[in-house]
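The values are calculated or read from the model by the stated rules, or taken from the named source; none is laboratory data. Keep in mind it's a predicted model, so treat the numbers as computed, not measured. Don't worry about glycine lacking a Cβ; one is built from the backbone with ideal geometry, like all the others, and counts go over all protein chains shown. Remember, those area values only see protein heavy atoms, side chains included, never the ligands or the DNA or RNA. Shrake-Rupley method; radii C 1.70, N 1.55, O 1.52, S 1.80 Å.
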Amino acid sequence: MRFRLAATAVASAAIATLGLASATAVASPDTTTPDAGVVQPFIVGGEDATEGYEFSAALINDGRHACGGTVIAPEWVLTAAHCMVSYEPADIDVRVGSVDRTQGGEVVPSAEIIIHPDYDDSEVTRVDADIALIRLAEPVSVTPATLSTSKPLPGDTIRHTGWGQECPVGGECGSAEILQLLDTTVIAEGCEYGFNPETEICDQPAEGTGFCYGDSGTGTLKATDGGWELAGIIVRTGYQSSEPLCAIGPGISTDVAYWTPWIEEHVSL
């Protein structure tokens, strides 16, 4: 199954297109009912963030959690393309500077959405270039995340972040209010659903944990001597399932280092 991190309408389209037979992209509304077409991932089995993640961005549509993102420059947020394909800039507000997606920090409107021109989800067996930029209407004061210059290697530990669903069955619970953290291990193989090892990262969480509906677009982080850097963007699960389930297999993130040249075409880092 594929977790879509966009609006409810987009999630519905995702289910119709994929027939719930392949990996699911991870997007998230507050009310998650598969019958209504809501397909978004949340972190299952994670723990609450406390501080140090002010660059994490909650994308808000009409007061509801839509997806996540990461501040990479004072006026720019990086997220997943599938989160944004059904939105206009006026549809999205962005909260940053708070691990609580419902309060605190700064809330700024979007001014522009740029989806990678190669993004195409019409092929069920391959969804690549799942990356997008949001230009904010005004700069925010939080310190942006540093982009990783290299892809995490098999065996490396990475950290997923997200405000997605915290239970493994789609529709059985809402999205987390406090940013969730989950450490996982990069693997060389095991991801299905059109995994591209050149442009994506595959990881294997511990049994019973993983990202889920509503986590899409949020950052996958890699540890450095000084803290964390942004290595990936949560986009979809790497397994196939006929049911809207999370936390039963590997996950796939867009590799930020691979797409940095495209990011730099639009953003002065």
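One decimal place: the segment residue 266-residue 185 gains 26.0 nm when fully extended, by the rule 0.36 nm per residue minus the C-alpha distance. Note on segment 138-269: Cα-only Rg and Dmax are 14.8, 43 Å.
Peptides 246-257, 213-224, 190-201, 45-56 ranked from most to least packed give 213-224, 246-257, 190-201, 45-56, packing being the mean of other C-beta atoms within 10 angstrom over each peptide's residues.
Return the carbon/sulfur percentage of the accessible area of segment 116-256, one whole number, probe 1.4 Å, all protein chains in place.
Numbers: 2460 of 5290 Å².
Carbon with sulfur: 46 percent of the solvent-accessible area.
To put it simply, the accessible area of segment 52-111 at a 1.4 Å probe is 41 percent carbon and sulfur. Note on residue 118 and residue 207: their simple-model spin labels are 3.8 nm apart, each label 7 Å out from Cα toward Cβ. When only alpha carbons are used to place a centre, segment 43-86 and segment 163-221 end up 14 Å from one another.
Shown is the FRET efficiency for residue 223 and residue 172, computed with R0 = 35 Å from the Cβ-Cβ distance and rounded to the nearest 0.05: 0.60.
If packing is taken as the mean number of other Cβ atoms within 10 Å per residue, what is the order of 260-267, 171-178, highest first?
Values: 260-267: 13.8, 171-178: 19.1.
In decreasing order of mean packing, 260-267, 171-178 become 171-178, 260-267.
For segment 75-196, what is the accessible area per residue in Å² when the probe is 1.4 Å? Let's see the in-between values first.
On the way: 5040 Å² over 122 residues.
Accessible area per residue: 41 Å².
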